[in-house]
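Peer 1: First the structure, which I've put down as structure tokens, then a few questions once you've had a look.
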Amino acid sequence: MLGILAGGILGYLAAMLIAHEKYAFLSEYAPVVTLMAVIGAYLGADGLHASGFMAVFVFGIVLGTKNRLGSRSKKGEDEKLEEYILTTSFIMRMFIFILLGLR
């Protein structure tokens, strides 16, 4: 339960800082804010003895549906964030196979 709450709060806060019309002063740094918030969600939930994976999962859902929460990204920001996510997921997949190969 605490993992869901931590992920939801940090996801909403990150969406506000990245894509809100009034408070989006970090919109240029969307990939960095996303990465730091994901790490914060995991460590925050883990520090509360809750599921860090659940916090990160809920964070992704909340951030992914930021348009439904009343936040709008500037033109081009969604494409930059999507490119960052694709690059990061590609690197993580390579890392997983490297780890599996080492075992």
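The values are calculated or read from the model by the stated rules, or taken from the named source; none is laboratory data. Computed from a prediction, not measured in an experiment: that's the story for all the values here. Cβ atoms come from the backbone with ideal geometry, glycine included; neighbour counts cover every protein chain shown. Surface accessibility is based on the protein's heavy atoms, side chains included, excluding ligands, DNA and RNA. Shrake-Rupley method; radii C 1.70, N 1.55, O 1.52, S 1.80 Å.
Peer 1: Scan (1) assigned to a loop (DSSP other than H, G, I, E, B); (2) at pLDDT below 85 for the single condition GLU83 breaks and write down its number.
Peer 2: With (1) assigned to a loop (DSSP other than H, G, I, E, B); (2) at pLDDT below 85 applied to GLU83, the lone miss is (1).
Peer 1: Just the residues that are surrounded by 18 or more Cβ atoms within 10 Å (Cβ to Cβ) and not charged (D, E, K, R), please, taken from the stretch 51-66.
Peer 2: Of everything in the stretch 51-66, those that are surrounded by 18 or more Cβ atoms within 10 Å (Cβ to Cβ) and not charged (D, E, K, R) turn out to be SER51, GLY52, MET54, ALA55, VAL56, VAL58, PHE59, VAL62, LEU63.
Peer 1: Report yes if some residue within the stretch 1-16 is at pLDDT below 80, open to solvent by 80 Å² or more (accessible area, probe 1.4 Å) and either of a type outside the set (D, E, K, R) or not in a helix (DSSP H, G or I) (or both); otherwise report no.
Peer 2: No, there is no match, as no residue in the stretch 1-16 is at pLDDT below 80, open to solvent by 80 Å² or more (accessible area, probe 1.4 Å) and either of a type outside the set (D, E, K, R) or not in a helix (DSSP H, G or I) (or both).
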